Amino acid sequence: MQVRSTSNQTSAFKLGSFFYNSQSVANTAGISALNGYVLSSNPSGSVGTMNAIQATTEHSGIGTLTWDRAFFGSGLLTGSGIISNWASFYGGGVTITTGSTITNGYGLYLAAFPGGVTNKYGVYAVDANAMNYFAGKVTIGTGVTSTPAGYNMYVSGGILTEKVKAALATSSNWADYIFDKDYQLASLADVETFINKNKHLPGIPSADELVKDGGIDMNQMFAKQMEKIEELTLYIIQESKEIESMKARIVHLEQR
């Protein structure tokens with residue numbers, strides 16, 4: 001069935017449905033103002049596309065249209081009622097019977113915008129306090145087919161940001177243990193021997209190891225770098241004490 005309606009009114013609804021649930025007991029399984037169902041039972045051929053609900057808008061005038069929305073969802077809560085969860089769009093998933101398969105499943109699929117669109121937004125949330133929640137993994141960028149194991153987000157092409165804060169799981173992940181009185185600080189001679197043999201600092205992974213492991217663990221690397229900074233501080237303190245001791249001996253020898 002096709003329904004075509006024309007109107008010159010500023011606001012017009014020509015086709016719609018209205019359902020009113022006035023029950024005093026919350027025993028309604030579900031109410032749908034619009035329900036679409038498409039069945040394809042072709043045993044041998046193929047169907048290009050099935051749409052339970054399809055909406056298309058067309059603006060053929062010469063004026064400016066503020067919003068062109070193929071789909072618009074809104075809600076209204078009045079009285080003393082409670083809505084536990086509200087969604088302007090909700091995808092209820094898919095049921096697969098034995099023997100059926102789906103190659104790619106999309107919660108939301110947005111085709112590419114044409115060239116005439118100035119600003120292109122895949123998803124745009126106006127509420128600055130809204131939280132974007134993804135239970136699965138997130139990949140950003142073209143050419144990315146999967147997220148490496150052990151990580152929930154992969155970005156191809158880099159990230160530009162004004163601030164990054166990496167959380168520490170425990171205080172033991174930081175390098176303050178360097179200042180414990182029982183910490184065994186290697187001698188500079190031993191450090192030199194290690195560097196000449198391995199071509200990198202003790203406790204710091206080599207370039208080959210980083211390539212093999214797939215990159216740098218920022219938290220771990222920051223802690224390792226702080227470890228070396230704190231060790232350098234101890235070396236400077238030691239050298240300073242030796243210099244002061246040598247100065248005192250020189251003064252003593254000069255006064256003899």
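FYI, it's all coordinate maths here, none of it is from the lab. Remember, predicted model here, so these are calculated numbers, not experimental data. As a convention, Cβ positions derive from the backbone with ideal geometry for all residues, glycine included, and neighbour counts pool all protein chains shown.
Numbers for the structure displayed
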quantity	calculated
Cα gyration tensor shape for region 171-254, rounded if a/c is under 1.5, else prolate or oblate	prolate
Angle in degrees between helix 188-198 and the longest Cα principal axis of the chain, rounded to the nearest 10	50
Net dipole in debye of the chain [+1 Lys, Arg Cβ; -1 Asp, Glu Cβ; about Cα centre; nearest 20]	960
Chain lengthening between A169 and K137 when straightened (0.36 nm per residue, less Cα-Cα)	9.4 nm
Mean shadow area of the chain over all directions, Cα convex hull, nm²	32.5
Sum of side-chain charges, A189 neighbourhood, beta-carbon under 15 Å (Lys, Arg +1; Asp, Glu -1)	-4
Computed helical MRE - 222 nm, the chain, DSSP H runs ≥ 4 contributing -39500 (n - 2.57), nearest 500	-7500 deg cm²/dmol
Where Cα atoms sit under 28 Å apart: lysine pairs in region 171-254 separated by 8 or more or lying on different chains	14
HN-Hα J in Hz across region 82-92 - Karplus 6.51, -1.76, 1.60, θ = phi - 60°, x for Gly and Pro	10, 10, 5, 9, 10, 9, 6, 9, 9, x, x
Rounded to 10°, Cα long-axis angle of helix 218-254 versus longest principal axis of the chain	20
Cut-off under 5 Å, modelled amide H: who pairs with Y154 long-range	V138, T139, I140
Alpha-carbon centroids, region 48-62 and region 186-256: separation in whole Å	68
Nearby lysines by direct alpha-carbon distance to K137 (threshold 21 angstrom, same-chain neighbours under 8 apart not counted)	K165
